[in-house]
1. Please go through the stretch B:105-115 and give me each residue that is surrounded by 15 or more Cβ atoms within 10 Å (Cβ to Cβ) and away from chain A (no Cβ under 14 Å), ordered by number.
2. Which members of the stretch B:122-139 meet the condition of being within 14 Å of the chain's Cα centre (by Cα) and away from every other protein chain (no Cβ under 12 Å)?
3. Of the conditions (1) within 14 Å of chain A (Cβ to nearest Cβ); (2) among the acidic types (Asp, Glu); (3) crowded, with 21+ Cβ neighbours inside 10 Å, B:ASP90 fails just one. Which one is it?
4. Do we find that A:ALA83 is over 17 Å from B:LEU53 (Cβ atoms) and in a helix (DSSP H, G or I) in this structure?
5. Please give the number of the condition A:ASP111 fails out of (1) free of Cβ contacts under 8 Å to residues at least 40 places away in the same chain; (2) surrounded by 19 or more Cβ atoms within 10 Å (Cβ to Cβ); (3) not polar (S, T, N, Q).
6. Tell me which of these A:THR56 doesn't satisfy, since it passes every other one: (1) over 16 Å from the mean Cα position of the chain (by Cα); (2) among the hydroxyl-bearing types (Ser, Thr, Tyr); (3) in a loop (DSSP other than H, G, I, E, B).
Amino acid sequence: MSGHVRPSGQDHTDLVPGFADPVHDAQASFRVILDAMAHPGRIEKLPVSLAAEPPTPLGVAAAAIALTLCDIDTPIWLDLPLARAWSYLAFHCGAPTAPSPTQARFAFVTDAAALPPLESFALGSDEYPDRSTTLVIEVVGLVAGRGMRLTGPGIRHDTWLSVAGLPARLSEERAALTELLPRGLDIILVSGMHLAALPRWTRVAL
Amino acid sequence: MHESGCAALDANTTQTSQNETRRGWLAILAKAELGELEDAWRVLAEKPAYRVLRRIETGLVMVRGRIGGTGQPFNLGEMTITRAAVQLIDGSGRATCAGFGHVAGRAPRKAELVALFDALLQDPARHAAISGALVAPLAEKQTAARLERAAKCAASKVDFLTMVRGE
């Protein structure tokens, strides 16, 4: 190794491209995210592939959500393992850093066990319930047909979703937030190329 | 084996002075004619492999100014710019230096060339050659053009004498 000073974040050697076709890929991803939010618990597969692997540990679906939905108006909060993904998100989305979870419009989490309490994120206000954090959590696996029973808007009878790698306390904290509705948190669970949404109105029974 | 390092042209220079140096060559490249950059690219030995980090896009930026360099900044108006971000790929397929180009107007190819030369100039092994063959002559030409224009303007300058007004 030579003695070059390598200022981090200046030479951008770690940067990788985002969507291969930014406009159409973002539109296709938007449609899928919309469908996932409209049908809570339904596992959707990302219809596009990225031009390059996003920086680990940012998953492909999580990266696509960021590239599709985040811009200069959406402060992002990242959990500790995702710190390396900052330059990627800043470069492609132009999104600012949220100094605390409360100020985040999007929060990306890969270490679900270390997730801050849900109530520490932005929950919106009664006048503007949309001014809340959308939580994107990377989980180990998503399986339909068993696990949690989901009911509520967008679900005709019920739907079943099994999530591997989610701490038990999350369900309790989420249930505790239901009394604040319409304030609350929308959660998107991602696993590799797959995603499933748990909007704030969805009721979860274990 | 030579390590194709980026950014750090000299281990002793600080980040700030590196930024200043880079800003200098970016300004010169951005003001160059497309033909000049295209010619330099054509004669460039060992053209690097590269990939586009973000699609080259044209957009608007708000230009802000101050009258006489003092006073309150104001929005002068919007101008069209094109920006490009590329990344060089070395022989082993590893991504190395990233270069950025921001140029006035709708000029995707020019933005791409500026970004490419920016990336190459960050490579210590190639900096001197490109700086000498491209940046220095461009700088000279641009300075000469500016001085000529300034001289022409100076020739037609009118000095207004203002008498001290007695109130």
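The values are calculated or read from the model by the stated rules, or taken from the named source; none is laboratory data. Worth saying up front: this structure is predicted, and the values here are computed from it rather than measured. As a convention, Cβ positions derive from the backbone with ideal geometry for all residues, glycine included, and neighbour counts pool all protein chains shown.
1. Quick first cut of the stretch B:105-115, residues surrounded by 15 or more Cβ atoms within 10 Å (Cβ to Cβ) only: B:107-115.
If the condition is that a residue be surrounded by 15 or more Cβ atoms within 10 Å (Cβ to Cβ) and away from chain A (no Cβ under 14 Å), then B:ALA107, B:PRO108, B:ARG109, B:LYS110, B:ALA111, B:GLU112, B:LEU113, B:VAL114 are the ones that fit.
2. Here is the first cut: in the stretch B:122-139, the residues within 14 Å of the chain's Cα centre (by Cα) are B:122, B:130-131, B:134-139.
Selection gives B:ILE130, B:SER131, B:LEU134, B:VAL135, B:ALA136, B:PRO137, B:LEU138, B:ALA139.
3. (3)
4. On the way: over 17 Å from B:LEU53 (Cβ atoms): yes; in a helix (DSSP H, G or I): yes.
Here the answer is yes, as A:ALA83 does meet what is asked.
5. With respect to (1) free of Cβ contacts under 8 Å to residues at least 40 places away in the same chain; (2) surrounded by 19 or more Cβ atoms within 10 Å (Cβ to Cβ); (3) not polar (S, T, N, Q), A:ASP111 is out only on (2).
6. (1)
Matching residues to (1) in contact (Cβ under 8 Å) with a residue 24 or more places away in the chain; (2) of a type in the set (Asp, Glu):
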site	(1), (2)
A:LEU118	yes, no
A:PHE121	yes, no
A:ASP126	yes, yes
A:ASP130	no, yes
A:ASP158	no, yes
A:VAL163	yes, no
A:PRO167	yes, no
A:ARG174	yes, no
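Here is a yes/no grid of residues against (1) at pLDDT 95 or above; (2) in contact with a Ser or Thr (Cβ under 9 Å, 6 or more places away or on another chain):
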{"position": "B:GLU57", "(1), (2)": "no, yes"}
{"position": "B:PHE74", "(1), (2)": "no, no"}
{"position": "B:MET79", "(1), (2)": "yes, no"}
{"position": "B:ARG94", "(1), (2)": "no, yes"}
{"position": "B:VAL103", "(1), (2)": "yes, yes"}
{"position": "B:ARG106", "(1), (2)": "yes, yes"}
{"position": "B:ALA111", "(1), (2)": "yes, yes"}
{"position": "B:ARG149", "(1), (2)": "no, no"}
